[in-house]
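Participant: The structure's right below; bear with me while I get my questions together.
The values are calculated or read from the model by the stated rules, or taken from the named source; none is laboratory data. What you see is a predicted model; the values in this text were computed from it and never measured. Every residue, glycine among them, receives a Cβ derived from its backbone with ideal geometry; neighbour counts consider all protein chains shown.
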């Protein structure tokens with residue numbers, strides 16, 4: 001499992017500044033965001049950021065797009081443009097959003113069309129050697145264990161994977177269950193520790209017991225996803241080193257723990 005960063009953690013920084021922070025913090029990989037750092041439809045930017053990332057010795061885990069299943073094409077936001085940007089960047093995977101409605105508010109038609117769109121764009125991505133991964137997020141079709149599992153089961157396409165992040169406000173047992181549900185299709189993990197309110201962002205070490213548990217589960221199951229820090233307290237670059245040190249310490253502990 002490699003420690004890394006989601007670039008939107010520092011939206012106010014340039015890609016060059018983000019890359020300067022990472023080696024000193026011992027971070028090895030990155031998900032570049034498609035809103036600020038690598039905008040869709042700007043191939044020159046994608047080329048340059050991809051080149052600078054590789055020159056810095058950082059691997060690209062994914063391109064974090066804001067394409068929404070069953071929504072974006074209707075709004076004129078083409079997946080083809082997203083795919084071109086990701087390919088120019090050199091990303092092996094594209095993050096997409098699982099629709100625009102929660103399980104509670106989504107009608108069966110939206111869920112069906114989202115699954116069909118996921119299969120369609122996964123086929124397009126596969127022609128370029130990429131896969132797609134579904135954002136695990138509130139107010140989408142992955143906002144609950146059941147709906148996330150149902151969407152994945154509805155898209156058996158081998159090019160469709162899932163992200164995972166700890167659901168907001170959940171206890172450890174629920175978080176562990178939600179991680180287990182997507183393990184067979186897990187691509188990478190967003191790592192942070194929030195309170196009940198997402199605006200309350202705590203130091204990662206305050207969630208040590210639960211995050212150690214999540215990492216143990218991944219290790220026991222033989223899974224080695226990239227673990228990308230996201231949304232550090234105060235969105236402050238100054239705390240990245242501390243947060244990265246915490247994550248790397250946990251990984252070191254897991255590596256030293258003999259299997260049962």
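Participant: Could you check residue 85 against (1) under 18 Å from the mean Cα position of the chain (by Cα); (2) part of a loop (DSSP other than H, G, I, E, B); (3) more than 28 Å from residue 241 (Cβ to Cβ) and say which number it fails?
Facilitator: Only one criterion in (1) under 18 Å from the mean Cα position of the chain (by Cα); (2) part of a loop (DSSP other than H, G, I, E, B); (3) more than 28 Å from residue 241 (Cβ to Cβ) is unmet by residue 85, namely (2).
Participant: With the condition kept exactly as written, say whether any residue in segment 110-129 is touching a helix residue (DSSP H, G or I) at 6+ places or on another chain (Cβ under 7 Å), in a loop (DSSP other than H, G, I, E, B) and crowded, with 16+ Cβ neighbours inside 10 Å.
Facilitator: No, there is no match, as no residue in segment 110-129 is touching a helix residue (DSSP H, G or I) at 6+ places or on another chain (Cβ under 7 Å), in a loop (DSSP other than H, G, I, E, B) and crowded, with 16+ Cβ neighbours inside 10 Å.
Participant: Does residue 65 count as surrounded by 19 or more Cβ atoms within 10 Å (Cβ to Cβ), closer than 16 Å to residue 132 by Cα, free of Cβ contacts under 8 Å to residues at least 40 places away in the same chain and out of contact with any strand residue (DSSP E or B) (no Cβ under 6 Å at 6 or more places or on another chain)?
Facilitator: Answer is no for this residue.
Participant: Quick check on segment 91-102. Is at least one of its residues in contact with a helix residue (DSSP H, G or I) (Cβ under 9 Å, 6 or more places away or on another chain), surrounded by fewer than 21 Cβ atoms within 10 Å (Cβ to Cβ) and within 25 Å of residue 158 (Cβ to Cβ)?
Facilitator: Yes, some residue in segment 91-102 is in contact with a helix residue (DSSP H, G or I) (Cβ under 9 Å, 6 or more places away or on another chain), surrounded by fewer than 21 Cβ atoms within 10 Å (Cβ to Cβ) and within 25 Å of residue 158 (Cβ to Cβ).
Participant: Just the residues that are closer than 12 Å to residue 64 by Cα and assigned to a loop (DSSP other than H, G, I, E, B), please, taken from segment 1-46.
Facilitator: Those that are closer than 12 Å to residue 64 by Cα and assigned to a loop (DSSP other than H, G, I, E, B): 34, 35, 36, 37, 38, 39, 40.
Participant: Among the numbered criteria (1) in contact (Cβ under 8 Å) with a residue 60 or more places away in the chain; (2) touching a helix residue (DSSP H, G or I) at 6+ places or on another chain (Cβ under 7 Å); (3) under 22 Å from residue 184 (Cβ atoms), which one does residue 224 miss?
Facilitator: The failed condition is (2).
Participant: Would you point out which residue out of 138, 184, 167 is surrounded by fewer than 19 Cβ atoms within 10 Å (Cβ to Cβ), assigned to a loop (DSSP other than H, G, I, E, B) and either touching a helix residue (DSSP H, G or I) at 6+ places or on another chain (Cβ under 8 Å) or at negative phi (or both)?
Facilitator: 138
Participant: Let me ask another. So in segment 198-212, with the set limited to residues that are buried (at least 16 other Cβ atoms within 10 Å of the Cβ) and under 11 Å from residue 172 (Cβ atoms), which one is nearest to the chain's Cα centre (by Cα)?
Facilitator: Only one residue tops the list, namely 211.
Participant: Moving to a separate point now. Specify which of the listed residues (123, 107, 117) is more than 26 Å from residue 39 (Cβ to Cβ) and more than 19 Å from the chain's Cα centre (by Cα).
Facilitator: Selected residue: 107, the only one of 123, 107, 117 that is more than 26 Å from residue 39 (Cβ to Cβ) and more than 19 Å from the chain's Cα centre (by Cα).
Participant: Moving to a separate point now. Suppose we keep only residues that are touching a strand residue (DSSP E or B) at 6+ places or on another chain (Cβ under 7 Å) and either under 18 Å from residue 195 (Cβ atoms) or in a loop (DSSP other than H, G, I, E, B) (or both) within segment 141-164. Which one would you say is modelled with the lowest pLDDT?
Facilitator: If we take residues in segment 141-164 being touching a strand residue (DSSP E or B) at 6+ places or on another chain (Cβ under 7 Å) and either under 18 Å from residue 195 (Cβ atoms) or in a loop (DSSP other than H, G, I, E, B) (or both), then 142 is modelled with the lowest pLDDT.
Participant: Something else about it: Among the residues of segment 227-260, which ones are at pLDDT below 95, part of a helix (DSSP H, G or I) and either on the phi > 0 side of the Ramachandran plot or surrounded by 14 or more Cβ atoms within 10 Å (Cβ to Cβ) (or both)?
Facilitator: Within segment 227-260, 233, 234, 235, 254 qualify.
Participant: Name the one entry in 251, 215 that is within 11 Å of residue 1 (Cβ to Cβ) and touching a helix residue (DSSP H, G or I) at 6+ places or on another chain (Cβ under 6 Å).
Facilitator: Only one candidate qualifies: 215.
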